[in-house]
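Report on the structure given below.
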Amino acid sequence: MVANIMRLVADAMAPGTLSAQPLIRGRLLDWLRDTTLYLRSIAPFGEAFWEVSQVAYCLCAVSRCVAGQLVSHLTMPLALLRDSAAVQRVSSNKSSTSDAPSTPATAGGGPGSGTAAGDSSQHQLQGAAGSGGGSFAGQPMARKLLFEMFAAWCDEGTSRGAADYHARLNAGINAAIARAKDYDSDTRERLKQELVQSAELLDQASRLAMAAMLQGPVFDTDARRTAGPVLCWVDRLLQAAPLGIS
């Protein structure tokens, strides 16, 4: 499974790898974008969710591992993740072209103008992201979307509290068991235990991923408010009992 490969690669990745390896960075950004878009279309703990719960776990694990190296990229709107990698590849290709034997200058610039064009494109991309993304103005940062999606997968993630989380989780598990009515009771019980374990692992992974998404500029004005989603979540964590203590 691609998601598991991404998780293993991200877990073993040394600091600075994504800066030094644009090909790996581009592949990873493509996967992060596509996977996030897909999982956002699926209701947490709904009928289709259990088929992709392992993918959700891998997304949490990968996000936690690479968030520090991708702060500038994850600060962009989600739709720009591919564009950022593409511009960097174009810039690299043009830089290589500028090393070839020079040709007569044209109206677009003399020898080496390809590098300047690549640098210009990269600066334009960064400027667009910093100003709200140009045509993407008004769209939230990728980090904000990831933070909110991870929040729906753990019991302390949202303002609705743990009771709402467990109600949604139990309803999803019971619905999944009901669809397995043709199996014997022992098989259904094993299935239930697998779903519970999957949810527990995702709960832990999503908490760590949420914390990793806080690296970088604030999402929006909500993140600065005492009653905003980020500070409320931090407050709930500080008030929660340590793991293993009831």
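The values are calculated or read from the model by the stated rules, or taken from the named source; none is laboratory data. As the structure is a computational prediction, the values presented were derived from the model and not from experiment. Because the Cβ atoms are built from the backbone with ideal geometry, glycine has one as well, and the counts that use them run over all protein chains shown. In case anyone asks, the SASA skips ligands and DNA or RNA and just uses the protein heavy atoms, side chains included. Shrake-Rupley method; radii C 1.70, N 1.55, O 1.52, S 1.80 Å.
Can you tell me the FRET efficiency between MET1 and VAL234 if r is taken as the Cβ-Cβ distance and R0 is 41 Å, rounded to the nearest 0.05? Rounded to the nearest 0.05, the efficiency is 0.80. Rolling a 1.4 Å probe over the protein heavy atoms leaves HIS166 with an accessible area of roughly 80 Å².
For segment 4-17, the Karplus equation 6.51 cos²θ - 1.76 cosθ + 1.60, evaluated at θ = phi - 60°, returns couplings of 5, 5, 4, 5, 5, 5, 5, 5, 8, 6, 7, x, x, 4 Hz by residue, with Gly and Pro reported as x. The modelled label-to-label distance between LEU214 and SER159, using points 7 Å beyond Cα along the C-beta direction, is 1.8 nm.
Full extension of the chain between GLN197 and GLN139 gives 17.4 nm of extra length, using 0.36 nm per residue less the Cα-Cα distance. Each residue, ASP34 and ARG190, gets one label point 7 Å from its Cα in the Cβ direction; the gap between the two is 3.3 nm.
For the residues THR187, THR221, a 1.4 Å probe over the protein chains yields an accessible-area ranking, largest first, of THR221, THR187.
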